[in-house]
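The values are calculated or read from the model by the stated rules, or taken from the named source; none is laboratory data. All values reported here derive from a predicted model rather than from experimental measurement. Don't worry about glycine lacking a Cβ; one is built from the backbone with ideal geometry, like all the others, and counts go over all protein chains shown. For accessibility, only protein heavy atoms count, side chains too; no ligands or nucleic acids. Shrake-Rupley method; radii C 1.70, N 1.55, O 1.52, S 1.80 Å.
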Amino acid sequence: FENKFARDADLKFKAESRRNKALAEWAAAKLGITGDAVADYVKAVRKADLEEKGDDDGVRKVKKDFADKGVSVSDDEIKDKMIEFLAKAVTEIEASR
């Protein structure tokens with residue numbers, strides 16, 4: 001059971017990290033962030049998501065960035081993208097095993 005728990009926790013962490021990268025890249029495109037600044041933005045979104053348990057901190061970061069730039073994106077759209085990117089990340093990770 002301990003091995004399965006550790007494997008599941010590792011899969012969850014990797015999938016959420018990939019999801020956050022994809023979310024940050026999607027948001028960066030909407031925000032007009034390009035070049036090397038995209039990698040910095042990915043790091044900032046990943047860091048924000050680690051501030052507290054759950055996904056709300058990552059959503060808040062992206063939402064605030066959209067609001068600061070005057071980009072109109074709903075909470076539901078951000079959450080839908082997170083679900084989409086998480087599903088894709090899990091599929092990619094499982095396919096690489």
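Panel note: the C-alpha atoms of segment 49-97, placed on their principal axes, show extents of 41, 23, 15 Å (largest first). If you wrap segment 1-56 in the convex hull of its Cα atoms and look at it from every side, the mean projected area works out to 4.3 nm².
Distance between the modelled labels on E84 and A67, one decimal in nanometres: 2.3 nm (7 Å Cα→Cβ projection). The trypsin sites (Lys or Arg not before Pro) of segment 1-63 that DSSP puts in a loop, and whose beta carbon has at most 10 other beta carbons within 10 Å, are K53. When the solvent-accessible area of segment 49-95 is split by element, carbon and sulfur atoms take up 50 percent of it, the probe being 1.4 Å. Let a ≥ b ≥ c be the square roots of the eigenvalues of the Cα gyration tensor of segment 30-71; is it rounded (a/c under 1.5), or, if not, prolate (a/b larger than b/c) or oblate? In terms of gyration-tensor shape, oblate. Restricting the GluC sites (Glu not before Pro) of segment 1-78 to loop positions (DSSP other than H, G, I, E, B) with no more than 16 neighbouring Cβ atoms within 10 Å leaves E51, E52.
Treating the chain as a set of equal point scatterers at the Cα positions, no solvent, please give the Debye-formula log₁₀ I(q)/I(0) at q = 0.12 Å⁻¹. The Debye formula, applied to the Cα set alone, gives -0.40. With each label modelled as a point 7 angstrom along the Cα→C-beta vector, the K14-D40 pair spans 3.1 nm. Taking each residue as 0.36 nm, the span from S74 to E52 lengthens on full extension beyond its C-alpha to C-alpha distance by 5.7 nm. Extension gain for A95-N3 works out to 31.1 nm (0.36 nm per residue, less the C-alpha to C-alpha distance).
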